[in-house]
2 protein chains.
Amino acid sequence: MPVTLHDLAREVGVSIATVSRALSGAPGVAEETRQRVLAAARAAHYRPNVMAQRLQKQRTDTLGIIVPTSSTRFGDPFFGDFLAGVGDKAIEHEYDLLVSTRAPEADELHTYERMVRERRVDGLIVISTRPHDERILYLLEQNFPFVAFGRSDIDAEFPYLDVDGEYGMYHATRYLIALGHRRIAYISAPYTFMYSTHRLQGYRKALAEHNIPFDEQLIAIGDLRDRSGYNLTRDFLSRENPPSAIIACNDWMASGAIGAARDMGLTVGQDLSILGFDDVPLAQIVHPRLTTVHQPAYEAGWHICDMLIRLLRQETLEQRHVLLQPELIVRESCGPRATS
Amino acid sequence: MPVTLHDLAREVGVSIATVSRALSGAPGVAEETRQRVLAAARAAHYRPNVMAQRLQKQRTDTLGIIVPTSSTRFGDPFFGDFLAGVGDKAIEHEYDLLVSTRAPEADELHTYERMVRERRVDGLIVISTRPHDERILYLLEQNFPFVAFGRSDIDAEFPYLDVDGEYGMYHATRYLIALGHRRIAYISAPYTFMYSTHRLQGYRKALAEHNIPFDEQLIAIGDLRDRSGYNLTRDFLSRENPPSAIIACNDWMASGAIGAARDMGLTVGQDLSILGFDDVPLAQIVHPRLTTVHQPAYEAGWHICDMLIRLLRQETLEQRHVLLQPELIVRESCGPRATS
DNA sequence: AGTATAGATGAAAACGTTTACGATGTCAAG
DNA sequence: CTTGACATCGTAAACGTTTTCATCTATACT
């Protein structure tokens, strides 16, 4: 039913080859003919069949991203912003964006194979990288174009963009130290995320620089949700020698920590300092407003997508490894150590 | 380079038609041949070229959803959850999910045309419906399969799933009235969203039932962000006869309202009652925890996607119009009217 | 006038599938 | 032995493009 090149060709009285050339702007067609074709196309509301184009061109003009919905990550506004950045960039260059949630029961690599082997997409964006990331190893092995959001510790080079978690945590920790804190608890993200390690590094580096011994007891691992921030904070605060400050690996856990402190009768920002990571909108809503490390989610998505598109177009990337330096946003949840 | 049907055919010594039949499970191929083909396919790691299949079948096996990134909606975790529900359902039935952000400068309908006329997707999910929704009119006119999240006021029937905002607001308002409140301010969403009207209806209905006159002065329109909730609340509270309760059309504005009340020295839940809508994770984090109307975002996305797939498979929908009744979640942000 | 050249066009192959149709072979019933 | 039914398989068309190559015409040059 929809109008095809063939229809237009018959209409105008030329061959489909000429129509194709006229519409694509290819050289080798008389200006007068081109105008006739364009007029006919407009009149008939012609639109190309993209599937036919894709089969012919052996390109899908589609980018893919696979997100685990089971994890906490999808409901996180950080992710929504990231995706918005990716999407805006993609459409700017007329790429489609295929978002696939990972079927929970299925093997994760199976989802990647589906994308790669069945040629559903031209390139992939890999998010929340992990140590020894098998997805990256697979894509490298298949020689499939991708850009990762985050680094990994595998023994191979690949293009990525990452927010420098070590840098961010280093400065956050220094900030707390400058405020007089010495016992700073740290609520980490699970070590299955590569960034956990980096951020912890920054924390340790700042401590070391100020000759504060690293205390294993002050490290806890949360699940990124506010509930675990709450529980772990209650745990920390009920010890005999409680910390005077707590750093959480994301704003949700930090917000949970604020709730715990409040429930235990402490004034956050005075009796206890709490510092987050991400700077999601929530950070400005909780009371007191959260001092945190800002991750430019939208920009990161935008930039990664840009890198991937350049990769696909064979343009040389000026930088295959981008490390963004996050900024510490000082609000009200941290203060000088209470002199008790 | 990748292996095709043709390669397999040559390998096994049969025609590509037989190979195709064997792989697809179609009848008319000897069991012994089928096994040989399957073995060869496995050995060669054969995967079909989906673009070729799509061109041939005239189906894309892809669902589309278009999201405006400029609006506040994308960063909203509500939307992330919704999308997760859609994505999980889609992959369950082996559909791809195409997520397109609307190019901000471009005409919105242009994005829909791209999807429909160029046959990028088999069906669409239309979100945040509006009064006289031109997108719906367009899809109806093109006879293109879609399911809407939300109703509209246009003069035509179409399949949708909606959360009954009138029901939700009606019960929320009744709840406040039962607590003794009479002057209940209402921070609406912009009327460009269809649900704004419904929710306001529920509010008015509850008032009318209790013979409380509707006061235009108590209605304000926010932009869904916490900032506007904050500003409008300060505005309400600085009047000579301030309301004793405030309903906001989403949790973000409600959270902003909580901040404003706090800044003005009021204790939320005692001096002032605040009620939200959506029940995003934030609602449990703010202090006091927000009494709000729960919208099942994930389930809604899941269900809508299910409806769309059934539509595409020509199965008859048991219900073309689904109205979910949201539940009031009572927490701590509302209390009896202060007897001053 | 003859010929080289450039520009415009069409025929046809190709992309990798699915499927309608026809051909072949086998076997049982008449 | 003939006939029909059935199972199996191959041929070829189709899906709607893009692109290579050959053809044709008109112009310009010798």
Got at least one residue in region B:60-79 being within 16 Å of DNA strand D (Cβ to nearest atom) and more than 9 Å from chain A (Cβ to nearest Cβ)?
yes
Can you tell me which residue within region A:93-103, out of those that are facing chain B (nearest Cβ under 7 Å) and not small (Gly, Ala, Ser), is nearest to A:Glu299 (Cα to Cα)?
A:Leu97
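Taking the condition crowded, with 17+ Cβ neighbours inside 10 Å, within 24 Å of B:Lys89 (Cβ to Cβ) and within 9 Å of DNA strand D (Cβ to nearest atom), does A:Met51 pass? Before the answer, list the steps.
Numbers: crowded, with 17+ Cβ neighbours inside 10 Å: yes; within 24 Å of B:Lys89 (Cβ to Cβ): yes; within 9 Å of DNA strand D (Cβ to nearest atom): yes.
The answer is yes for A:Met51.
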Does A:Val29 qualify as being within 11 Å of chain B (Cβ to nearest Cβ), farther than 27 Å from A:Ile127 by Cβ and open to solvent by less than 50 Å² (accessible area, probe 1.4 Å)?
no
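Looking at A:Arg135, is it in a helix (DSSP H, G or I), open to solvent by less than 30 Å² (accessible area, probe 1.4 Å) and farther than 17 Å from B:Tyr46 by Cα? Break it down stepwise before answering.
Numbers: in a helix (DSSP H, G or I): yes; open to solvent by less than 30 Å² (accessible area, probe 1.4 Å): yes; farther than 17 Å from B:Tyr46 by Cα: yes.
It is true that A:Arg135 is in a helix (DSSP H, G or I), open to solvent by less than 30 Å² (accessible area, probe 1.4 Å) and farther than 17 Å from B:Tyr46 by Cα.
Right, A:Asp88: in contact with a Cys (Cβ under 9 Å, 6 or more places away or on another chain), within 8 Å of chain B (Cβ to nearest Cβ) and closer than 30 Å to A:Val280 by Cα or not? Please lay out each step first, then the result.
Working: in contact with a Cys (Cβ under 9 Å, 6 or more places away or on another chain): yes; within 8 Å of chain B (Cβ to nearest Cβ): yes; closer than 30 Å to A:Val280 by Cα: yes.
So A:Asp88 passes the test.
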Is there any pair with a first residue in region B:315-340 that is open to solvent by 50 Å² or more (accessible area, probe 1.4 Å) and a second that is among the small types (Gly, Ala, Ser) whose Cβ atoms are under 6 Å apart and which are 6 or more apart or on different chains, and what are they?
B:Glu332/B:Gly269; B:Pro336/B:Gly180; B:Arg337/B:Gly180; B:Arg337/B:Ser244
Read through the list (1) crowded, with 22+ Cβ neighbours inside 10 Å; (2) within 30 Å of A:Ala338 (Cβ to Cβ), then give the number of the only condition that A:Val121 fails.
(2)
With the structure loaded, tell me whether A:Thr60 is modelled with pLDDT of 90 or more, of a type in the set (Ser, Thr, Tyr) and over 41 Å from the mean Cα position of the chain (by Cα) or whether it fails that test.
no
Of all residues in region A:4-57 being touching a Lys or Arg at 6+ places or on another chain (Cβ under 8 Å) and in contact (Cβ under 8 Å) with a residue 24 or more places away in the chain, which is farthest from DNA strand C (Cβ to nearest atom)?
A:His45
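Does region A:1-18 hold any residues that are more than 7 Å from DNA strand D (Cβ to nearest atom) and either out of contact with any Ser or Thr (no Cβ under 9 Å at 6 or more places or on another chain) or within 14 Å of chain B (Cβ to nearest Cβ) (or both), and which are they? Write out each step before concluding.
Of region A:1-18, the ones more than 7 Å from DNA strand D (Cβ to nearest atom) are A:1, A:3, A:7-15, A:18.
Across region A:1-18, the qualifying residues are A:Met1, A:Val3, A:Asp7, A:Leu8, A:Arg10, A:Glu11, A:Gly13, A:Ser15.
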With respect to B:Val99, determine if the residue is out of contact with any Pro (no Cβ under 9 Å at 6 or more places or on another chain) and either closer than 25 Å to B:Met51 by Cβ or hydroxyl-bearing (Ser, Thr, Tyr) (or both).
yes
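Any idea which of B:Ala39, B:Ala44 is more than 11 Å from DNA strand D (Cβ to nearest atom), closer than 16 Å to A:Val116 by Cα and not assigned by TED's automatic domain parsing to the domain that holds B:Arg120? Steps first, please.
Numbers: B:Ala39 fails: closer than 16 Å to A:Val116 by Cα.
Result of the check over B:Ala39, B:Ala44: B:Ala44.
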Taking only region A:245-278 into account, find how many residues are open to solvent by 30 Å² or more (accessible area, probe 1.4 Å) and assigned to a loop (DSSP other than H, G, I, E, B).
6
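Only residues that are within 14 Å of chain B (Cβ to nearest Cβ) and in contact with a Lys or Arg (Cβ under 7 Å, 6 or more places away or on another chain): list them for region A:121-155, please. Walk me through it before giving the result.
From region A:121-155, those within 14 Å of chain B (Cβ to nearest Cβ) are A:121-122, A:124-125, A:127, A:138, A:141-144; that's our starting set.
Result: A:Asp122, single match.
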When the residues of region B:32-46 are narrowed to those that are buried (at least 16 other Cβ atoms within 10 Å of the Cβ) and within 14 Å of chain A (Cβ to nearest Cβ), which ends up farthest from A:Val121 (Cα to Cα)?
B:Ala41
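Tell me which residues, restricted to region B:253-274, are under 24 Å from A:Tyr230 (Cβ atoms) and touching a Ser or Thr at 6+ places or on another chain (Cβ under 9 Å).
Within region B:253-274, B:Ala254, B:Gly256, B:Ala257, B:Ile258, B:Gly259, B:Ala261, B:Val268, B:Gly269, B:Ile274 meet the criteria.
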Just to be sure, is B:Leu109 within 28 Å of the chain's Cα centre (by Cα) and away from every other protein chain (no Cβ under 13 Å)?
yes
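Just the residues that are among the small types (Gly, Ala, Ser) and away from chain A (no Cβ under 13 Å), please, taken from region B:259-309. Please lay out each step first, then the result.
If we filter region B:259-309 for residues that are among the small types (Gly, Ala, Ser), which is where we start, we get B:259-261, B:265, B:269, B:273, B:276, B:283, B:297, B:300-301.
Scanning region B:259-309 gives B:Gly265, B:Gly269, B:Ser273, B:Ala300.
The values are calculated or read from the model by the stated rules, or taken from the named source; none is laboratory data. Note that the coordinates shown come from a computational prediction; the quantities given were computed from them, not determined experimentally. Cβ atoms come from the backbone with ideal geometry, glycine included; neighbour counts cover every protein chain shown. Note: areas computed on protein heavy atoms with side chains; ligands, DNA, RNA excluded. Shrake-Rupley method; radii C 1.70, N 1.55, O 1.52, S 1.80 Å.
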